[in-house]
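The values are calculated or read from the model by the stated rules, or taken from the named source; none is laboratory data. Everything numeric in this text was worked out from a predicted model, so none of it was measured. Cβ sites come from the backbone with ideal geometry, for glycine too, and all protein chains shown count toward neighbours. Protein only, heavy atoms only, side chains kept; ligands, DNA and RNA dropped before computing areas. Shrake-Rupley method; radii C 1.70, N 1.55, O 1.52, S 1.80 Å.
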Amino acid sequence: MTSSWSSPLYIELKYNDASFRYVNYVDVIISSASSQYKLSHVFSVTGNASDMLRYYESHPFGAHDLDPSGCGCPMLQYGGWWGACCLSPCGLTMPLNNHTYPFGWNCTAETTVKLTSVKMMTTR
């Protein structure tokens, strides 16, 4: 990706108690590689899930082979996500059974009910 990308984003979350939550963002912009794929313009429209993506606004994208903040966050070994130096203790790219860095959307609220699957969809 060499230029900014803008699109609606729908995130669907399913939990181990058979509940389902979602959040639908009207427009999410991901900047170019030269801007470290920063997330911006995050506007939540509808949904019954927490608006957690807003916490990552203006943060660069990181992955196991890309650590723009240089802090060596161990979460990056599992997959890519936005944030700076382990901003959140959980993420959608974490393994299912890791107690230190759990798979989750909002780990402060997900204490008894655990996230089991996630689906992220967008249109071009």
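Things worth noting here:
- Per-residue surface analysis assigns residue 120 an accessible area of about 90 Å², computed on protein heavy atoms at 1.4 Å probe radius.
- Residues in the stretch 15-36 that a label on residue 123 would reach, taking backbone N under 15 Å of a point 7 Å out along Cα→Cβ: 24-28
- Computed extension gain for residue 64 through residue 51, at 0.36 nm per residue and net of the alpha carbon distance, reaches 2.1 nm.
- Ordered by solvent-accessible area of protein heavy atoms (1.4 Å probe), largest first, the residues 51, 17, 65 come out as 65, 17, 51.
- Phi to ³J(HN,Hα) by Karplus 6.51 cos²θ - 1.76 cosθ + 1.60 over the stretch 51-57, Hz, x for Gly, Pro: 8, 6, 5, 4, 5, 9, 4
- Ordered by solvent-accessible area of protein heavy atoms (1.4 Å probe), largest first, the residues 22, 56, 78 come out as 78, 22, 56.
- Phi to ³J(HN,Hα) by Karplus 6.51 cos²θ - 1.76 cosθ + 1.60 over the stretch 24-34, Hz, x for Gly, Pro: 10, 9, 5, 8, 10, 10, 10, 6, 6, 4, 5
- Rounded to the nearest 10 square angstrom, residue 4 shows an accessible area of 80 square angstrom against a 1.4 Å probe.
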